[in-house]
Each structure stands twice: as structure tokens, then as C-alpha cells.
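The values are calculated or read from the model by the stated rules, or taken from the named source; none is laboratory data. All of these numbers come straight from a predicted model, not from anything done at the bench. Positions of Cβ are generated from backbone atoms using ideal geometry, with glycine treated the same way; all protein chains shown enter the neighbour counts. Only protein heavy atoms, including side chains, enter the accessible area calculation; ligands, DNA and RNA are left aside. Shrake-Rupley method; radii C 1.70, N 1.55, O 1.52, S 1.80 Å.
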Amino acid sequence: MFQKETLKGKKILVTGGGSGLGLAMADRFAELGADVAICGRTESKLQAAVERLRSHGTRVEYFVCDVRDYDAVGRMFADIEDRMGRLNGLVNNAAGNFLSPSEDLSPNAFRAVIDIVLMGTFNCTQHFARRLIAEKSPGSILNIVTTYVHTGSAFVMPSAAAKAGVYAMTMSLAYEWAEYGIRVNAIAPGPFPTKGAWSRLMPDEKFEQFYLQRHPLHRYGEKSELANLAAFIMSDMAPYLTGECITIDGAERLQGGQFNFITQMMPRDKLKAIFRAMKEKARKGQ
Ligand code: HXC
Ligand code: NAP
């Protein structure tokens, strides 16, 4: 579906692009012709990532930067511009998360997640957009959120609160900055196994088994599936798409549907037989 040069002319920063989903998106962007910058706190991870990303032949640079630090983020954007020219794409992907009963959280623990996810997204978004607005240049921002922005979630409350804030930021800015030609969208991924997420959120195999059993597709997402969606959103194929949050989770978020539980009671052929019997009974007026 994608042409080799779908993202030619794009210069995209992926925060947290040294690992996991950020790296997968950066890889797809570079493969499709974009120049790519990645940032994170751990230089060794970024260096290894850049080696891989450069194989596509586009310009790829890494920047050691903690997105929680507003001034450091400002310096990073200046650096990126010096080395790569003006960015026209930003993916706010850097995040922090862990499992904890909410009553046990210290203020610092709550703040640790809010600072990376909500403040980090604000810091990068504002520095990015100010430059575009001053130059009257269009651009695209993609925020990686979670499916629980709509529902909240037990045991990851700081992440849910922060990501819901990012979702609100997405909708607010899409409207506010539409006249500047800046699109702002979000992706809400379901489960995509990465070292960063799984080491903090999936305690052991028993949890995984239970998790997959209740997932309607009984499988996780593939990083390439998410990267393709991100590439589409960041491309010129989607100029009218803004203010949207696209979920990619194999329908996992819909398990609250009132009669969905029936799918887990017994095999489908047995269910069908029961439904047929009910229909027959109703037809006979019993
Ligand atoms: C309770 C915890 C904790 C835990 C840290 N803290 N881990 N509290 N349970 N598991 C507390 C500490 O005790 C401390 O509070 C405060 O949080 C800050 O801890 P630091 O280790 O100093 O923080 P920092 O070095 O800034 O690290 C941030 C982090 C860490 C969020 C805690 O996990 C991190 O760097 N994460 C980055 C990568 C990541 O999380 N990736 C997963 C993304 S997956 P006190 O009071 O003791 O000082 C995702 C969605 C997945 O977001 C959805 C899946 C389907
Ligand atoms: P990950 O590999 O841990 O990615 C997080 C990245 O953010 C890391 O590269 C990390 O690098 C960077 N980062 C963290 N704090 C930072 C900071 N203060 N400044 C700069 N960079 C920072 O986990 P992932 O699974 O790929 O998650 C990527 C995104 O997808 C996150 O937004 C996450 O919430 C979202 N998501 C993931 C899943 C999933 O199933 N995996 C599901 C829903 C949503 P350093 O630690 O080196 O800085």
C-alpha cells in the first residue's frame, strides 16, 4: 500500500525512539523515506537504534534528552534544527508506567509518571509547534496514548490520568492549531509486547495466559501493525485527519459489551444450537 517514498520530505522526531514501539515507528518512517530524529535518556540504547535506522539510507540522528525538562527540550529542538533542518513531524511516544495499588503510591511516584507522559508531551509539543507557527509551516503531531484513556484502569492510575490528559491535549490542539496547518492525532494501542512495558506491567506467564484468554483475538499486536498506522497518520495521505484517536487493539477495549461474556461460555457451535432452540421456542409462542 505504501510507496517507497511515502514519507519523503518528512522530518520526524520520535520521543522514546530508542526502544519498543518508538523504535518500530522510527524504523518504518525511515524505511518510507523520512529523516528521523529519536530521543531518550539512555545514550547506549539510542546509539544502537540509530545503527539500525541508518540502514534505510535517510538522515537519522539521536539526541540524549529528558522530555521532563522544558529547557533541555528547547535546546534539543534547536540542536535538531542545526543538524537536520526544520522538523515537520513529532511523535510523543516517551512514557513511564508501572503496576501499583493507588493507595500505596507516593507523591513522587505519581509525579514520575505525570512528568514524563503529560509534562513531557506538553514540553515537546509546545517547542515543536512554536517553531512551525513562527514559520507558517504545516506539521503533524502524533501522541501515543492507551485504550484506558476512555475508561481509566486499575493499578496504572497515574498513567491513565496522564494519558487522558494527553488525549484532551490532542483534541484541544487539533482545533486550536488547525488554522496553522498543524494536525494533532493520537493512537491508542492495545497490548504490544515490548521489554519496557512487559517488564513493568506483565508480572509472569500466568498473567499473560489470563490476559490472552480474555482478548477477543487471543493474540498481541505486532509492532509493524502499529508502525503502519503511524506512517499513514504522519503521511500526506491523511490531510483531513486531525483531532482523532485511533485505537489499534483487536477489539480488546470492547469486552465490556453486555452480552460479550457469552463468547467465553462455550464453543460457538454449542452457542448457536442454544440460540436456534430459543428462536424455535419463540416461533412456537412458548
Ligand atoms: C511504586 C514506584 C515504582 C513501582 C518507581 N516508583 N517504580 N512506585 N511501584 N513499580 C516510585 C519510586 O519509589 C519513586 O518514589 C518514584 O516512583 C520515582 O522513581 P524513580 O525510579 O526515581 O523514577 P525514574 O527514574 O524517573 O523512572 C521513572 C519510572 C520508570 C516511570 C518509574 O519505570 C521508567 O523510567 N520508565 C520508562 C519506561 C516505561 O515505563 N515504559 C513502559 C511504558 S508502557 P519515591 O517516593 O520512592 O521517591 C505504557 C502503557 C502500556 O505506558 C499499556 C499496556 C497494555
Ligand atoms: P518503552 O520501550 O519502555 O518505551 C518508552 C521509551 O520512552 C523508552 O525508550 C524510554 O527510554 C523513553 N523515555 C522514558 N522516559 C523518558 C524521558 N523522561 N525522557 C525521554 N525519553 C524517555 O515502552 P513501549 O511499550 O515501547 O511504549 C511506547 C509508547 O507506547 C508509550 O507511550 C506507551 O505508553 C505506549 N503504549 C504501549 C503499549 C504496549 O503494549 N507496549 C500499550 C499502550 C500504549 P529511556 O528510559 O532511555 O529514556
Being near ligand 1 (Cβ under 9 Å from one of its atoms) and in a helix (DSSP H, G or I) is the filter here; which residues of the stretch 87-105 pass it? Asp104
I'd like to know if the stretch 111-122 contains one or more residues that are farther than 15 Å from Ile12 by Cα, touching a Pro at 6+ places or on another chain (Cβ under 8 Å) and assigned to a loop (DSSP other than H, G, I, E, B). no
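Out of curiosity, is Leu212 free of Cβ contacts under 8 Å to residues at least 60 places away in the same chain, in a helix (DSSP H, G or I) and open to solvent by less than 30 Å² (accessible area, probe 1.4 Å)?
No.
One line per residue, one yes/no per condition, for (1) of a type in the set (Val, Ile, Thr); (2) open to solvent by 10 Å² or more (accessible area, probe 1.4 Å):
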{"position": "Thr6", "(1), (2)": "yes, yes"}
{"position": "Gly20", "(1), (2)": "no, yes"}
{"position": "Leu23", "(1), (2)": "no, yes"}
{"position": "Ala48", "(1), (2)": "no, yes"}
{"position": "Arg52", "(1), (2)": "no, yes"}
{"position": "Val60", "(1), (2)": "yes, no"}
{"position": "Val73", "(1), (2)": "yes, no"}
{"position": "Glu81", "(1), (2)": "no, yes"}
Determine, yes or no, whether Asn108 is open to solvent by 10 Å² or more (accessible area, probe 1.4 Å) and assigned to a loop (DSSP other than H, G, I, E, B). no
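Just give me the residues in the stretch 106-138 being among the aliphatic types (A, V, I, L, M), more than 25 Å from Ala188 (Cα to Cα) and within 16 Å of ligand 1 (Cβ to nearest atom), in sequence order. Step through it out loud before you land on a result.
At the first step, the residues of the stretch 106-138 found to be among the aliphatic types (A, V, I, L, M) are 109, 112-114, 116-119, 129, 132-134.
When the remaining residues are screened for being more than 25 Å from Ala188 (Cα to Cα), the result is 132-134.
Answer for the stretch 106-138, where residues must be among the aliphatic types (A, V, I, L, M), more than 25 Å from Ala188 (Cα to Cα) and within 16 Å of ligand 1 (Cβ to nearest atom): there is none.
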Of the numbered conditions (1) near ligand 2 (Cβ under 9 Å from one of its atoms); (2) in contact with a strand residue (DSSP E or B) (Cβ under 7 Å, 6 or more places away or on another chain), Thr125 satisfies every one except a single condition; which is it? (1)
Every residue from the stretch 124-175 that is aromatic (Phe, Trp, Tyr) and buried (at least 21 other Cβ atoms within 10 Å of the Cβ): Phe128
Looking at the stretch 215-241 only, could you name the residues that are outside any helix (DSSP H, G or I) and open to solvent by less than 50 Å² (accessible area, probe 1.4 Å)? His215, Tyr220, Gly221, Ser235, Ala238, Leu241
Note on the stretch 4-43: residues in a strand (DSSP E or B) and free of Cβ contacts under 8 Å to residues at least 60 places away in the same chain are Asp35, Val36, Ala37, Ile38, Cys39, Gly40
